[in-house]
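K.L.:
My questions all concern the structure below.
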Amino acid sequence: MNILLLAMPDSFEHMPTIAVRMPNGALASLAGNIDEHHRVAAADLILRQDRVRETVEQLLREHCPGVVGLSVMTFQRKTAFRIIELIRSILPQVRIVCGGYDPSLAPDAYMHNGAGVDFIVRGEGELTFRELLRAIDTGQGFEAILGLTYRANDGWRQNPARPVHSLEGDDIRLPKRSARALSGYTMLGRPVDVVETSRGCTFDCGFCSIIEMRGRNFHTYSFERVLADIRDAKAYGARSIFIVDDNISLNVKRFEALCQAIIDAGLNDIAYTVQAMTSPIAMHAETLVPLMSKAGFRYVFLGIENILEDDLEFLKASAKNAYRENGRRTENATIRAINALHANKIHVVGGLIVGNPDDTLESVRTNLEFARKYVDWPYIQHPTPYPGTPMTKDFKARNLIKIDRMEEYDGTTAVVATEHLEPEEIEFERWRVERWMKTAHIPAVIRQEPWFVLRNWPKMLAHTFRGSSWRSMLGLESERKVFARYRQIRAAERTYL
């Protein structure tokens with residue numbers, strides 16, 4: 001049977017495709033975990049944002065799939081339905097499967113009449129999708145497949161959840177990168193790929209979909225498998241790798257050992273990016289951070305979340321940002337973590353969340369000023385009521401959700417108000433400060449990737465200053481007018497078909 005896997009073209013504002021075109025790791029993992037007699041092709045439509053319709057039509061003609069799988073996040077839902085409609089117009093009888101965060105946490109959205117979906121894979125998809133294809137292949141029923149929701153003659157049926165996999169053994173095989181039908185994944189001009197060394201997190205942050213997706217747990221792959229995955233990515237051309245673990249810094253000793261294993265294997269000639277908490281970085285600055293630098297880590301997405309204690313309490317993120325001495329919390333760990341990373345020539349991507357329920361203009365600006373002063377690249381988001389998260393319940397209870405258009409649930413479009421500010425005011429404050437922070441990081445990028453900047457600086461500045469004109473750059477036009485144009489441009493960018 002021919003299988004086509006698609007990831008949606010919608011991208012995050014903080015990851016413009018001129019700088020970052022990251023592969024969807026789930027597609028390659030799914031491709032690597034189906035039975036070998038199937039012919040599978042995987043396509044990240046982010047690589048073809050300017051010609052999505054033509055690309056999908058071409059893929060359908062070339063691969064003639066019997067099953068099409070779509071990986072969907074919440075802000076990609078509208079695009080996914082449009083793509084499903086296109087697929088159905090060309091291949092009416094094809095079986096369509098949806099998976100990923102949004103179908104897992106909001107399956108009802110994919111079950112309405114006219115959605116065009118046949119199956120929903122909830123949670124981890126590798127084993128469920130493999131068993132689904134076997135059932136389709138042999139004509140067996142679907143009722144025994146854990147983690148599957150499916151359309152039957154008398155309506156939708158939802159099977160019990162599949163237990164979270166321990167990642168031990170060889171049940172989950174290596175990704176199949178050869179299945180990729182498109183090419184061009186880059187990060188700051190370097191060919192990039194993604195690698196996973198663990199899954200899960202034991203914290204209960206109110207904004208996070210991970211614990212709703214898989215519960216509070218942490219499971220790891222063996223180093224042998226991880227190094228094999230890195231070597232495979234390198235063999236397919238990767239010179240930069242984003243380690244996509246939910247929270248690799250939960251086990252500091254393991255993280256240190258992984259860094260040493262990368263060094264010993266001679267794989268530290270790759271530029272690595274990773275996500276981490278502030279507390280472990282600060283608490284283990286003398287041992288962990290130098291090893292990270294030696295292993296090739298160049299960027300760390302640091303989960304600062306917020307620098308105000310009241311906001312951290314609301315986000316349920318206070319504990320993971322604490323610095324402790326003699327077993328007692330003494331201060332916020334953020335500045336210590338940033339200083340340690342900078343001392344080892346590692347850049348900080350600062351993850352902050354502004355616009356929480358009790359935020360005032362002053363508290364928003366305090367966080368933005370902190371980001372301007374301390375982080376290298378801002379990744380400032382607004383709290384977003386994703387399906388199933390504790391935060392969503394809080395916002396609903398306080399009647400603060402002002403926008404219900406899911407295509408705007410991308411983290412950088414403010415869709416909820418605070419008790420003091422409307423969404424547009426919050427987003428305006430972020431936008432007016434953030435674009436200058438991004439510009440300030442260009443000299444550091446020049447030092448690392450000079451040829452990339454020389455080739456692309458006009459496009460980089462055009463993206464950062466969308467909506468600006470020569471009048472606004474000279475201070476002859478108000479920022480409010482520029483911001484209004486920016487919002488119009490962003491809305492237009494969300495339409496891919």
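The values are calculated or read from the model by the stated rules, or taken from the named source; none is laboratory data. Source: prediction; values computed, not measured. Cβ atoms come from the backbone with ideal geometry, glycine included; neighbour counts cover every protein chain shown. The protein model used for the area step is the full one, side chains on, heavy atoms only, and it has no ligands, DNA or RNA in it. Shrake-Rupley method; radii C 1.70, N 1.55, O 1.52, S 1.80 Å.
K.L.:
Out of residues 5 or more away from ILE304 or on other chains, whose amide H comes under 5 Å of its own, with H placed 1.01 Å from N in the peptide plane?
P.N.:
GLY351
K.L.:
Please go through the residue pairs LYS78/LYS320; LYS316/LYS396; LYS316/LYS345; LYS253/LYS294; LYS253/LYS438 and name each one whose alpha carbons sit more than 28 Å apart in this structure.
P.N.:
LYS78/LYS320; LYS316/LYS345; LYS253/LYS438, as the Cα separations exceed 28 Å there.
K.L.:
List the Cys residues of the chain that have no partner Cys with a C-beta closer than 4.7 Å.
P.N.:
So far as the 4.7 Å Cβ criterion goes, CYS64, CYS98, CYS201, CYS259 stand without a partner in the chain.
K.L.:
Might you report the magnitude of the Cβ-based charge dipole of the chain about its Cα centre, with Lys and Arg at +1 and Asp and Glu at -1, to the nearest 20 debye?
P.N.:
1180
K.L.:
Can you run phi through the Karplus equation (6.51, -1.76, 1.60; θ = phi - 60°) for region 361-374 and list ³J(HN,Hα) in whole Hz, with x for Gly and Pro?
P.N.:
4, 5, 5, 4, 5, 4, 5, 5, 5, 4, 4, 4, 7, 10
K.L.:
Treating only the Cβ atoms of Lys and Arg (+1) and Asp and Glu (-1) as charged, compute the dipole magnitude of region 174-273 about its Cα centre; round to the nearest 20 debye.
P.N.:
Computed about the Cα centre, the dipole is about 260 debye.
K.L.:
Rank ARG480, ARG435 by accessible area, highest first, at a 1.4 Å probe radius?
P.N.:
Listed by decreasing accessible area, they come as ARG480, ARG435.
K.L.:
Next question, about the same structure. Can you send over the carbon and sulfur percentage of the accessible area for region 50-125, probe radius 1.4 Å, protein chains only?
P.N.:
It is 48 percent, rounded to a whole number.
K.L.:
If you take the square roots of the eigenvalues of the alpha-carbon gyration tensor of the chain and sort them as a ≥ b ≥ c, do you get rounded (a/c under 1.5), prolate (a/b over b/c) or oblate?
P.N.:
Working: a/c = 1.43, a/b = 1.25, b/c = 1.15.
Taking the square roots of the gyration eigenvalues as a ≥ b ≥ c, the chain is rounded.
K.L.:
Would you work out which of ALA414, GLY350, PRO383 lies farthest towards the positive end of the dipole of region 305-418? Charges go on Cβ: Lys and Arg +1, Asp and Glu -1.
P.N.:
Of the options given, the answer is GLY350.
K.L.:
Among rounded, prolate and oblate, which fits region 310-365 when a ≥ b ≥ c are the square roots of the eigenvalues of its C-alpha gyration tensor, a/c under 1.5 means rounded, and a/b larger than b/c means prolate?
P.N.:
On the way: a/c = 2.71, a/b = 1.31, b/c = 2.07.
It comes out oblate by the Cα gyration axes.
K.L.:
Let me ask something else about it. Sequence gap at least 6, Cα distance under 8 Å: using those rules, report the relative contact order of region 231-279 to the nearest whole percent. Don't skip to the end; give the middle numbers.
P.N.:
Values: 35 pairs, mean separation 28.3, N = 49.
Answer for region 231-279 is 58 percent.
K.L.:
Given the rule -39500 (n - 2.57) for each run of at least 4 DSSP H residues, summed and divided by the residues of the chain, what is its mean residue ellipticity at 222 nm, to the nearest 500 deg cm²/dmol?
P.N.:
-11500 deg cm²/dmol
K.L.:
So, for the chain, what is the accessible surface per residue at a probe of 1.4 Å, expressed in square angstrom?
P.N.:
Per residue, the chain has an accessible area of 42 Å².
K.L.:
To continue, here is another question. Alpha carbon centre of region 226-264 versus region 300-336: separation in Å?
P.N.:
Their Cα centres are 26 Å away from one another.
K.L.:
State the percentage of accessible surface on region 332-386 attributable to carbon and sulfur atoms; use a 1.4 Å probe and exclude ligands, DNA and RNA. Intermediate results must be reported in sequence, preceding the final value.
P.N.:
Values: 1000 of 1970 Å².
In region 332-386, the share of accessible area belonging to carbon and sulfur is 51 percent.
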